[in-house]
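The next block holds one structure in the form of structure tokens; read it before the comments.
The values are calculated or read from the model by the stated rules, or taken from the named source; none is laboratory data. Every value quoted in this text rests on a predicted model; they were computed, and no experiment measured them. Glycine gets a Cβ as well: all are built from the backbone with ideal geometry, and neighbour counts include every protein chain shown.
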Amino acid sequence: MIVLAAIVPHSPLLAPTIGKEHREKMTDTLNAFEELAQSLYLAKPDTIVMLSPHAPMYPDSFSGNIAPSFKGSLKEFGDHGTELPIKADFLLLDHIHRHMRDNKTPFTMTSAEELDYATTIPLMFLNKNLPTVKLVPIGMSGLDIQKHYEFGEELKNVLHSESRRVAIIASADLSHAASTTSPEGVTEEGMMFDKTIREKALALDAAGILAMDPAMLEKAKQSGHKPIVMLMGCMKDMNCKAKELSYEAPFGVGMMVMRYDLA
């Protein structure tokens, strides 16, 4: 069963080894992560399902990582000391794989011990009080946005039928052109993307998120639309309450932490 859901950012600057003195400009996000970590601890999940836009991606298939154990890594940012170990829930991933196959939903299994940074960064905050929690990493695909929503619906059907307690997290940076502090420059589309996502995600307005203009999505320079759409599919017809814990864009990249409490 799904016991909690959330949308979180994955900026490498959130890591103390990388952000260093810049982290003081992300106080709202760091405090929101602390609040979410406490909510997660109280929800007592057995497994975290992480929806990452930077996991291995295939043009015509979603994917799950079935390595027996994982290590979160930030090596691509020059941090060779961070190794975040976490066990895999390969039984749940097997159930997901079988369900997707039975429902003719394209789903590929991969096996890589090293986790992408969009999975690693949230885990640095969210599993520090959950030493026995397991992980199921899920990757996006090159398929259209409607397929991502439908995949989320099917994923919910699996998770909701499980006896294990599951938290599902969408790792999603918003626009990389959200303010004048962006190295890539601010765009009207970037500001509009963040405003729209914040409003629609809070209202659980999946139709509104699905209807966002593809041209705007591209000009917004974002990496959060697909995982958020997938999460909306998971939340369909669920009795839950949304709360935005924080939003800020101190370096021009929109960072939102939003929690969904299941009734």
**Request:** Look through 114, 150, 154 and report the one residue that is more than 17 Å from residue 67 (Cα to Cα), in contact with a Ser or Thr (Cβ under 6 Å, 6 or more places away or on another chain) and surrounded by fewer than 24 Cβ atoms within 10 Å (Cβ to Cβ).
**Result:** 154
**Prompt:** For the range 55-126, list the strands (runs of 3 or more DSSP E) that sit wholly inside it and hold at least 2 residues that are small (Gly, Ala, Ser); which are they?
**Reply:** 62-65, 69-74, 79-88
**Message:** Residues that are farther than 30 Å from residue 101 by Cα and within 20 Å of the chain's Cα centre (by Cα): list the helices (runs of 4 or more DSSP H) wholly contained in the range 150-223 that include at least 2 such residues.
**Reply:** 188-202, 214-220
**Prompt:** Is there any pair linking a residue in the range 86-100 that is more than 13 Å from residue 156 (Cβ to Cβ) to one that is of a type outside the set (A, V, I, L, M, F, W, C) and at pLDDT 95 or above, with Cβ under 6 Å and at least six apart or on different chains, and which?
**Reply:** 87/134; 89/47; 89/134; 92/47; 93/64
**Request:** State the number of residues belonging to the range 117-144 that are closer than 30 Å to residue 208 by Cβ and either of a type in the set (D, E, K, R) or crowded, with 17+ Cβ neighbours inside 10 Å (or both).
**Result:** 16
**Item:** residue 104 being under 13 Å from residue 62 (Cβ atoms) and without any contact (Cβ under 8 Å) to a residue 24 or more places away in the chain
**Value:** yes
**Prompt:** Since residue 44 meets every condition but one in (1) surrounded by 15 or more Cβ atoms within 10 Å (Cβ to Cβ); (2) modelled with pLDDT of 90 or more; (3) of a type in the set (Lys, Arg), which condition does it not meet?
**Reply:** (1)
**Request:** Residues being in contact (Cβ under 8 Å) with a residue 60 or more places away in the chain and either under 16 Å from the mean Cα position of the chain (by Cα) or surrounded by 22 or more Cβ atoms within 10 Å (Cβ to Cβ) (or both): count how many of those fall in the range 224-260.
**Result:** 24
**Message:** With the requirement that a residue be among the hydroxyl-bearing types (Ser, Thr, Tyr) and either touching a Lys or Arg at 6+ places or on another chain (Cβ under 6 Å) or under 19 Å from residue 36 (Cβ atoms) (or both), what does the range 211-252 give you?
**Reply:** 246, 247
**Message:** Looking for something in contact (Cβ under 8 Å) with a residue 12 or more places away in the chain, over 27 Å from residue 244 (Cβ atoms) and under 20 Å from the mean Cα position of the chain (by Cα) - is there at least one such residue anywhere in the range 17-26?
**Reply:** no
**Asked** Applying the selection to the range 33-78, what residues are farther than 30 Å from residue 100 by Cβ and more than 15 Å from the chain's Cα centre (by Cα)?
**Response** 34, 35, 38, 41, 42, 74, 75, 77, 78
**Request:** For the range 71-81, state whether one or more residues are at pLDDT 95 or above and crowded, with 17+ Cβ neighbours inside 10 Å.
**Result:** no
